[in-house]
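The structure appears below as structure tokens.
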Amino acid sequence: MPPVVDADQQPAFRCTHCPRLLHANELHRYACRICEDRATEHVQKLPNLYTQLEAALTPGRSGGNMGRAVTGRAAPLPVALQPLNLRGPGGIVSMLLGIEQRWRIQLDWEQLPQRGGYEPSLAGTVVVIAANLSWACDKYEGVADDLKLIGSLFAQATSAVTGEHDVRVPIGACPTKNEETGAVCGERLKVSPWAPLIRCGGCGTQWARDEWLRLGAAMRGLPMPAVAA
């Protein structure tokens, strides 16, 4: 990232992962600390979700799509495809190992160690990724893609385990102004129609249900909903 000569004359420095304007003490970073903290939380929860995915393999136990896996001449075994894909080759473990390998290359470290099976490999790579997320958000130009991948894996695994799908709808961009710079946050806001609260993932601003209904209407130029008594 090019150096900032005069922060006051450079208002467009934004996190490469979310559209939030970087604070003065973040201008050297590729990703903001909010995105770093969220990715750390997500990656640390993935081993537990990975374990829970085993129980979600049985159709009807999760939101995964049904499919059939055939082993040799055995009868077809119905399985939920989403949990199977997340637990198998090319799933959570493979994707996280790919992130670790890319970071090892950037840091001029040794190649990936042999840690054993899927679960030991997952436990090991989660430790490495969580410990080096701050470095990646600071120094690694490609960190936005890796943050997006971590978020996607977390969302898919959570959906497969709970059976709940993201039904949030976009209502517009966050209008909150930064007290330091006066710049508008601009984070894309999505909300479930049944949510009692909406929270901006960029700046952390929260609105109660009545407030976000009015906010969404205002952003779309619609008549303001009446405030509930």
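Rule-based calculations on the coordinates, nothing more; no lab input. Please read these numbers as outputs of a predicted model, since none were measured by experiment. With ideal geometry, Cβ positions are generated from the backbone for all residues, glycine too; neighbour counts draw on all protein chains shown.
The string of couplings for segment 137-148 from the Karplus curve (6.51, -1.76, 1.60, θ = phi - 60°) is 5, 7, 10, 9, 4, x, 5, 4, 5, 6, 5, 5 Hz, one whole number per residue in order, with x for Gly and Pro. By the count of other C-beta atoms within 10 Å, a proxy for reagent exposure, Asp138, Asp210 are ordered fewest to most as Asp210, Asp138.
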